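Report on the structure given below.
The values are calculated or read from the model by the stated rules, or taken from the named source; none is laboratory data. Keep in mind that what you see is a predicted model, and the values were worked out from it rather than measured. With ideal geometry, Cβ positions are generated from the backbone for all residues, glycine too; neighbour counts draw on all protein chains shown. Areas reflect the complete protein model, heavy atoms only, side chains present, ligands, DNA and RNA absent. Shrake-Rupley method; radii C 1.70, N 1.55, O 1.52, S 1.80 Å.
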Amino acid sequence: MFEHTMHTRVHLDVPRATAFAFFAEAENLGRITPPEMSFRIRTPLPLVIREGTLIDYTIGLHGIPMPWRTLIREWQPNDYFVDEQLRGPYRQWIHRHSFADDGAGGVIIEDLVRYKLPLPPFGEVAHPLIRRQLRRIFSYRTEQVRLLLGDRRTPNASEEPVFS
């Protein structure tokens, strides 16, 4: 009931293994999160990410610090991983990150997020605001991943988050 999805697809001119390795370093999550989110990892670093890893961090939502705990539920190096919110602002947040070769030496990164808002059905009133915030977060992320991995192309409209 009231499950939403968000899908993004980003094409980068870097090898799949390079892109996956970037996402496998928890420290990079802060580098690709908009500064206004005040993202901070609370789990001691460095982290070895694999199936079963728990990551605690804090995000800021409209200036209010909010704890978030993530479980790495699935981990297939260079192919995909799935993180699931165990504690945080959503009633459900399951995020699958997939990595595929593009056939020309680059990578296609796809994100599929399945989420439910808190306090159903009343939380649905905030969904337009949540969509706008998620669009900002994932658009910023695309820009930063490009910059940090040395892909200088400008993101295009096909890389904008799609909601259903």
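Data overview
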{"item": "C-alpha long axis of helix 127-148 to longest principal axis of the chain, angle in °", "result": "30 degrees"}
{"item": "Relative packing of 135-144, 45-54, which averages over residues the other C-beta atoms within 10 Å, highest first", "result": "135-144, 45-54"}
{"item": "Protection proxy ranking, peptides 150-161, 9-20, 99-110, average beta carbon neighbours within 10 Å, highest first", "result": "9-20, 99-110, 150-161"}
{"item": "Rough spin-label spacing in nm, given labels placed 7 Å along Cα→Cβ, for S139 and L47", "result": "2.7 nm"}
{"item": "Calculated on alpha-carbon atoms, Rg and Dmax of segment 97-162 in Å", "result": "15.0, 47"}
{"item": "Amide H partners (placed H, <5 Å) of F39, local residues excluded", "result": "G60"}
{"item": "Accessible carbon and sulfur surface of the chain relative to its total accessible area, %, 1.4 Å", "result": "57 percent"}
{"item": "Unit Cα scatterers, Debye sum, segment 14-113: log10 I(q)/I(0) for q = 0.13, 0.19, 0.21, 0.22 Å⁻¹", "result": "-0.48, -0.98, -1.15, -1.23"}
{"item": "For segment 79-154, size of Cβ-based charge dipole, Lys and Arg +1, Asp and Glu -1, in debye", "result": "480 debye"}
{"item": "Span per principal axis, largest first, for the Cα atoms of segment 50-164 (Å)", "result": "47, 33, 26"}
{"item": "Cβ-based net charge around E84, under 13 Å, with every Lys or Arg adding one and every Asp or Glu removing one", "result": "+4"}
{"item": "Shape parameters for segment 26-81, alpha-carbon atoms, Rg then Dmax in Å", "result": "12.2, 35"}
{"item": "Computed [θ] at 222 nm, deg cm²/dmol, the chain (DSSP H ≥ 4; -39,500 (n - 2.57); rounded to nearest 500)", "result": "-6500 deg cm²/dmol"}
{"item": "Cut-off 9 Å between beta-carbons: net charge of the residues surrounding I108, Lys and Arg +1, Asp and Glu -1", "result": "-1"}
